[in-house]
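Chemist: Please see the structure below; I have some questions.
The values are calculated or read from the model by the stated rules, or taken from the named source; none is laboratory data. Owing to the predicted nature of the structure, the values given are computational and were not obtained by experimental measurement. Cβ placement follows ideal geometry from the backbone for every residue including glycine, while neighbour counts extend to all protein chains displayed. Heavy atoms of the whole protein, side chains included, go into the accessibility calculation; ligands, DNA and RNA do not. Shrake-Rupley method; radii C 1.70, N 1.55, O 1.52, S 1.80 Å.
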Amino acid sequence: MVDAMDMLRTYLSGVRIPGPTNRIFKHECCVSFDTPKSEGGLYVDMSSFLAFGKDFVLWNYEKTRHPVYLHIKQTKKVVAEDRPSKKPTILAIGVEGGFGSSEPDYEESYNIVILPDYASLPFPSVDLPEKVRLAVDAIILAEGAEKKEQVAAWVAEKHVSAYAMCLPQIESSTVIPPSGWKCAKCDKTENLWLNLTDGMILCGRKNWDGTGGNNHAVEHYNETKYPLAVKLGTITADLEAADVFSYAEDESVIDPLLPKHLAHFGIDFSSLQKTEMTTAERELDQNTNFDWNRLQESADALQPIFGPGYTGLVNLGNSCYLAATMQVAFTTQAFISRYYANQSLKSSFDAAPADPTVDLNMQLTKLGHGLLSGRYSIPSSEKQEGIPPRMFKTVIAASHPEFSTMRQQDALEFFLHLLEQVERVNAGNTKLDPSRNFKFGIEDRIQCPSGKVTYNRRYDYILSLNIPLHAATNKDQLEAFQKLKSQAESEGKDLAAAEVVRPRVPLEACLASYSSPEEVMDFFSTALKAKTTATKTTGLTSFPDYLVLHMRKFVMEDGWVPKKLDVYIDVPDIIDISHMRSKGLLPGEELLPESGDVEAESARLVADEQIVSQLLSMGFGQLPCEKAAIYTSNAGVEEAMNWLLSHMDDPDINDPISHTSQNAVASVDQSHVDTLVSFGFQEDVARKALMATGGDIEKATDWIFNSPDAISTSHMDTSSSGATSADNELPDGSGRYRLLGFVSHMGTSTHCGHYVAHIYKEGKWVLYNDEKVGASVNPPKDMGYLYFFERLTDC
């Protein structure tokens, strides 16, 4: 039998000493969620620096023939006495004073292992070759790639305001008293902010639940542009704790000159006492409010559930949007089949590139097996630990600048990004692509006063629904609440969270609103040869296997100020959207005259005199102005101007209009065309939009949605079925669906707060709250942000 040391010397040339640029994995297996704490420990390949669990390391040896590994095993230290858990004091995850910062201590042991016989040598040992000792020391001392790529903290660092050092302060005899403050524009005596430029004391923003101020401080900024304010009641001798807000930067900031700015108004901060919560403290306090507790079912003793399909996902720091979305995704048969039932870890690893951590299919398979196998969801006396989706998050976010950060994100945007990436990596094999099970066709029918119609088709993964508040079913209760609220506001009081009454809108009303006719202003009718008001209705050309409904709870108020609608949606377990199927061109309907190709349309068009006149007043020549109007279908001055600026250097810009010159002008960047086609637009529509907007993709997208008259119908199938060949490739069937799960959001914005998922599984509702998985007693189905429905097949 060959001695282990002799074997090591034989393979010494394959051992590498890692440098500063090498990615070293030593905390988690590349194809599973095994760690050094797992029963078999972790094996680090001393050539590639990839890590593997005990059950998977031989796969790597068979694939690479790398025989030398550093085996790392962590064993929990015995603690003499249990320490009581502390209440979080800062809004952070994984840091001192934050959430989940308690972690037991472990002892690490190391061995050099040589495969395939698992011959072992202890480390440290002076008998080991120097190259091996240097390599192991470098691996142990290096920060693991997993930790480098995932910051565990969730702390919003404040920065020095750009306006603090040069803040203007108006000379005034006003002296701010140490107490007894009141808003200068209403009777509010709490949540008051002192503007550091003019000394005005005004109330803060109104919260989404009606509490808080009346927006007078932010309205004052909009009028004066005085940027900085400090919250009265947070000023004490410890000025670092004072809450300074920059309206210009729209965030809490540091004011290094705060003592000077306060002294301007006669404020002696050394004698003041704290009487108000800071913005961050209030956000923490809101974590325990009525809705937060209801969504997380905090009032009920959550009964943990273990086993296959009941594995939680560790919060990596603001990654709850990912956790909630992936839990629902891996409840659908589409994802289960592709990445678990019909896809083994071994086959995924064999098909993966040399570094499996950067392969999306591998990491989705790893995640699927981690969530569904039950391997990491075993009952124990300790808390549910869940699995950390670090490698998956790294690879899915690689092509997205926002998801690669540690900031909170919109679950809807992440879900769409996930499906787009899944579709990309499964291109050419639609049978394996789970994204197609969510995809469906949408058709807009536009009818002008002539009675003639035109159609536009596109594709989407989600059905985004407006919430018609006028359809609320509890209007009497809302009216009574508004009276109570007005009375409380007149007395300077806030209502308790339990007293707040929210509108209740049936889901049926939201679906009806989507399908209801709407007016299209300034529609250019090719039948009337004039702009008019048309009527648009929208329907679906196919029904997906899984229907995802997005509730538009976040809307824009005047001035582009985001607001969250405080509303409940009554969602039934079974819905039927059969009435939403588009019928296509009906017998007796007549299509609007076709625009034809670009050249023929341009030849028919006469330049709009008003557009030409305005362009002429800007100093452009007559012929270029006429061309700009014609080649943008007389869409408007802005569109013509964009075209003109993009074509001013054309050698034939001053030549008479001809078919030849039209062909030259109509040429657009094919890559831009391909981009718009990938959005679901027809190629001829994409070309026309790019031509009308000077090749700008963003403006072209807006132009398409705002110029439905320019949409070509030449490639449409106008049969009564309304189905195109592309539609026929998508799943289709009954319009009856059962509620499978929903993702809920807590907070004032999609980019802050917390996401959880509720999923109907094996005859019961289950709550997935990061790593916690438990039986749901009262699933808050009326508070969802994304609803996932599965088609019923027994009908």
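Chemist: I need every pair where a residue in region 460-480 that is touching a residue at least 60 places away in the same chain (Cβ under 8 Å) has its Cβ under 6 Å from the Cβ of a residue that is of a type in the set (Phe, Trp, Tyr) and assigned to a loop (DSSP other than H, G, I, E, B), sequence separation at least 6 or different chains.
Modeler: 461/438
Chemist: Out of (1) modelled with pLDDT of 65 or more; (2) open to solvent by less than 50 Å² (accessible area, probe 1.4 Å); (3) under 30 Å from residue 309 (Cβ atoms), what's the single condition that is false for residue 750?
Modeler: Residue 750 satisfies all of (1) modelled with pLDDT of 65 or more; (2) open to solvent by less than 50 Å² (accessible area, probe 1.4 Å); (3) under 30 Å from residue 309 (Cβ atoms) except (1).
Chemist: Moving on. Which residues, counting only those in region 457-491, are over 22 Å from residue 783 (Cβ atoms) and either under 28 Å from the mean Cα position of the chain (by Cα) or modelled with pLDDT of 90 or more (or both)?
Modeler: 457, 458, 459, 460, 461
Chemist: Moving on to the next point. Considering only region 351-429, give the helices (runs of 4 or more DSSP H) lying wholly within it that have at least 1 residues that are open to solvent by less than 30 Å² (accessible area, probe 1.4 Å), touching a Leu at 6+ places or on another chain (Cβ under 9 Å) and among the charged types (D, E, K, R).
Modeler: On the way: elements: 360-372, 390-396, 411-425.
Filter on region 351-429 gives 360-372, 390-396.
Here is a yes/no grid of residues against (1) assigned to a loop (DSSP other than H, G, I, E, B); (2) closer than 19 Å to residue 170 by Cα; (3) at pLDDT 85 or above:
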residue	(1), (2), (3)
240	no, no, no
248	yes, yes, yes
260	no, yes, yes
265	yes, yes, yes
274	yes, no, no
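Chemist: Can you give me the number of residues within region 619-633 that are touching a residue at least 12 places away in the same chain (Cβ under 8 Å) and in a loop (DSSP other than H, G, I, E, B)?
Modeler: 4
Chemist: Another question, then. Can you work out which of the residues in region 753-791 that are of a type in the set (A, V, I, L, M) and open to solvent by 10 Å² or more (accessible area, probe 1.4 Å) is nearest to residue 504 (Cα to Cα)?
Modeler: So, considering only residues that are of a type in the set (A, V, I, L, M) and open to solvent by 10 Å² or more (accessible area, probe 1.4 Å), the one nearest to residue 504 (Cα to Cα) is 783.
Chemist: Answer yes if at least one residue in region 502-509 is at pLDDT 90 or above, open to solvent by 30 Å² or more (accessible area, probe 1.4 Å) and part of a helix (DSSP H, G or I), and no otherwise.
Modeler: Looking for residues that are at pLDDT 90 or above, open to solvent by 30 Å² or more (accessible area, probe 1.4 Å) and part of a helix (DSSP H, G or I), one finds at least one in region 502-509, hence yes.
Chemist: Among the residues of region 362-383, write down those that are under 24 Å from residue 434 (Cα atoms) and hydroxyl-bearing (Ser, Thr, Tyr).
Modeler: 365, 373, listed by residue number.
Chemist: Please indicate, with yes or no, whether at least one residue in region 639-647 is farther than 13 Å from residue 700 by Cα and modelled with pLDDT under 65.
Modeler: No - not one qualifying residue is present in region 639-647.
Chemist: Take residue 478 and tell me if it is outside any helix (DSSP H, G or I), open to solvent by less than 50 Å² (accessible area, probe 1.4 Å), under 30 Å from residue 183 (Cβ atoms) and not β-branched (Val, Ile, Thr).
Modeler: The answer is no for residue 478.
Chemist: So, in region 117-173, of the ones that are closer than 18 Å to residue 25 by Cα and open to solvent by less than 20 Å² (accessible area, probe 1.4 Å), which residue ends up modelled with the lowest pLDDT?
Modeler: 150
Chemist: So residue 252 ticks every box in (1) in a strand (DSSP E or B); (2) modelled with pLDDT of 90 or more but one. Which box is left unticked?
Modeler: (2) is the only condition that residue 252 fails.
Chemist: Would you list the strands (runs of 3 or more DSSP E) that sit entirely within region 15-102 and hold 2 or more residues that are at pLDDT 90 or above, out of contact with any helix residue (DSSP H, G or I) (no Cβ under 8 Å at 6 or more places or on another chain) and under 23 Å from residue 389 (Cβ atoms)?
Modeler: Numbers: elements: 42-45, 51-53, 68-76.
So the answer is 51-53, 68-76.
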